[in-house]
Amino acid sequence: MKTLTEFEKYVIEQKGTERPFTGEFVDHDAQGVYLCKKCDSPLYKSEFKFNAHCGWPAFDDEIEGAVERHADPDGMRTEITCKQCGGHLGHVFHGEGLTAKNIRHCVNSVSMTFKAKDNTSKPDTSIEYATFGAGCFWCVEAIFAQLNGVLSVKSGYCGGNAEDANCQAVCSGLTAHAEVVHIEFDASVISFELLLEVLFDSHDPTTLNQQGNDKGAHYRSVIFAHNIQQVELANQYIQQLTEQQAFINPIVTQVSMFEHFYEAEAYHEDYFARNEQQPYCQVIIKPKYDKFKRKFSDKLK
């Protein structure tokens with residue numbers, strides 16, 4: 001979670017309201033995605049935004065699974081909060097006839113940040129990226145590296161700043177990083193949906209900041225999405241698992257927008273392959289690895 005200013009705490013954590021026509025996103029019309037200020041969870045696409053002339057940013061839709069609604073203590077309004085962290089966003093109104101969808105999310109600018117759309121022209125290619133956190137990256141790297149269509153898997157850190165993206169700092173628990181694997185894959189061979197299936201089958205997405213005996217926020221279950229399509233697919237898959245009651249406890253996997261990946265130190269690379277007889281590898285990694293290979297035998301290289 002990001003460190004908030006006192007005013008940001010007032011709005012996001014204490015459910016305050018910024019003064020109308022003072023927020024930076026009131027007249028904002030750039031193309032991109034609006035994220036939660038506190039946890040970076042994607043909330044709204046720019047195409048959902050419209051000018052309601054009310055003094056606050058207005059949206060007539062939300063990214064699926066991003067926003068929760070709560071009856072306001074005043075008994076008159078409906079509060080909206082970030083589903084991932086519970087941060088206060090504003091209120092939602094229906095029946096005003098301002099857009100065809102007939103809904104207005106009235107959101108405090110200070111509750112959000114903005115990630116601009118990358119308009120850089122790119123060659124037509126099937127090469128894509130996925131970035132997942134699911135506990136110790138030694139185990140996660142070993143699993144995803146075996147999938148047909150996966151071109152490379154690198155262990156590293158995501159969610160924090162460059163200056164403390166190193167093993168000692170991250171493992172101290174004082175940084176915002178998660179241990180992740182950064183996957184390059186050929187989307188013409190393997191889909192992002194299959195990568196999600198492998199992710200949720202190979203770790204426990206219901207334990208907050210923990211995988212087995214590995215504890216700490218850097219071991220959190222998290223998907224760092226590279227585009228809005230990945231956000232929507234991840235949220236849909238989590239919702240599907242929830243409806244199917246695939247797990248006894250609620251899924252706590254975060255969905256955040258990808259910003260930067262910092263590759264881990266060289267000795268982490270291919271750790272399981274090079275240290276298979278090491279006790280941690282035998283006791284913790286190998287059972288998960290063997291289970292994965294049995295279930296996804298037809299998807300392996």
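Looking at (1) open to solvent by 60 Å² or more (accessible area, probe 1.4 Å); (2) of a type in the set (Val, Ile, Thr); (3) assigned to a strand (DSSP E or B), which one does residue 181 not meet, given that it meets all the others?
Failing condition for residue 181: (1).
What pairs can you find where one residue is in the stretch 273-286 and in contact (Cβ under 8 Å) with a residue 60 or more places away in the chain, the other is open to solvent by 60 Å² or more (accessible area, probe 1.4 Å) and outside any helix (DSSP H, G or I), and their Cβ atoms are less than 7 Å apart, with a gap of 6+ or different chains?
No pair meets every condition.
Would you check if residue 141 is in contact (Cβ under 8 Å) with a residue 12 or more places away in the chain, open to solvent by 60 Å² or more (accessible area, probe 1.4 Å) and closer than 28 Å to residue 206 by Cβ?
no
Kindly provide the set of residues from the stretch 239-271 that are under 24 Å from residue 42 (Cα atoms) and hydroxyl-bearing (Ser, Thr, Tyr), ordered by number.
Of everything in the stretch 239-271, those that are under 24 Å from residue 42 (Cα atoms) and hydroxyl-bearing (Ser, Thr, Tyr) turn out to be 242, 253, 256, 262.
Show me the strands (runs of 3 or more DSSP E) found entirely inside the stretch 184-301 where at least 1 residues are open to solvent by 30 Å² or more (accessible area, probe 1.4 Å). Spell out how you get there, then give the answer.
Working: elements: 221-225, 254-257, 261-263.
Where strands (runs of 3 or more DSSP E) fall fully within the stretch 184-301 and carry at least 1 residues being open to solvent by 30 Å² or more (accessible area, probe 1.4 Å), they are 254-257, 261-263.
Just need a number here: residues in the stretch 54-105 that are open to solvent by less than 20 Å² (accessible area, probe 1.4 Å), within 14 Å of residue 16 (Cα to Cα) and among the hydrophobic types (A, V, I, L, M, F, W, C).
2
Mind checking which residues of the stretch 261-292 are of a type in the set (A, V, I, L, M, F, W, C) and under 23 Å from residue 160 (Cα atoms)? Don't jump to the end; show me each part of the working.
First, pick out the residues of the stretch 261-292 that are of a type in the set (A, V, I, L, M, F, W, C): 261, 264, 266, 272-273, 281, 283-285, 292.
Within the stretch 261-292, 261, 264, 266 qualify.
Write out, first by first residue and then by second, each pair whose Cβ atoms fall under 7 Å of each other, whose residues are 6+ apart or on separate chains, and whose first residue, in the stretch 103-128, is at pLDDT 90 or above while the second is exposed (fewer than 10 other Cβ atoms within 10 Å of the Cβ) and part of a loop (DSSP other than H, G, I, E, B).
none
Out of the residues in the stretch 1-18 meeting the condition of being touching a residue at least 60 places away in the same chain (Cβ under 8 Å) and of a type in the set (Asp, Glu), tell me which one is most open to solvent (accessible area, probe 1.4 Å).
By that ranking, first place goes to 13.
Do you know which residues across the stretch 1-60 are of a type in the set (D, E, K, R) and assigned to a loop (DSSP other than H, G, I, E, B)?
The answer is 2, 13, 15, 18, 19, 24, 27, 29, 37, 38, 40, 60.
Could you list all residues from the stretch 124-138 that are under 20 Å from residue 255 (Cβ atoms), open to solvent by less than 20 Å² (accessible area, probe 1.4 Å) and not β-branched (Val, Ile, Thr)?
Within the stretch 124-138, 130, 132, 133, 134, 135, 137 meet the criteria.
Between a first residue in the stretch 234-260 that is in contact (Cβ under 8 Å) with a residue 24 or more places away in the chain and a second residue that is acidic (Asp, Glu), which pairs have beta carbons less than 6 Å apart while being 6 or more apart in sequence or on different chains?
Short answer, once both residue conditions are applied: 235/64; 256/40; 257/40.
Would you pick out the residues in the stretch 150-162 that are surrounded by 18 or more Cβ atoms within 10 Å (Cβ to Cβ) and either within 18 Å of the chain's Cα centre (by Cα) or over 18 Å from residue 268 (Cα atoms) (or both)? So that I can check it myself, show each step before the final result.
Residues of the stretch 150-162 that are surrounded by 18 or more Cβ atoms within 10 Å (Cβ to Cβ), as a first pass: 150, 153-160.
Residues satisfying the conditions are 150, 155, 156, 157, 158, 159, 160.
The values are calculated or read from the model by the stated rules, or taken from the named source; none is laboratory data. Remember, predicted model here, so these are calculated numbers, not experimental data. For neighbour counting, all protein chains shown are included, and Cβ atoms are generated from backbone atoms with ideal geometry for every residue, glycine included. Side chains are part of the model used for accessible areas, which takes the heavy atoms of the whole protein and leaves out ligands, DNA and RNA. Shrake-Rupley method; radii C 1.70, N 1.55, O 1.52, S 1.80 Å.
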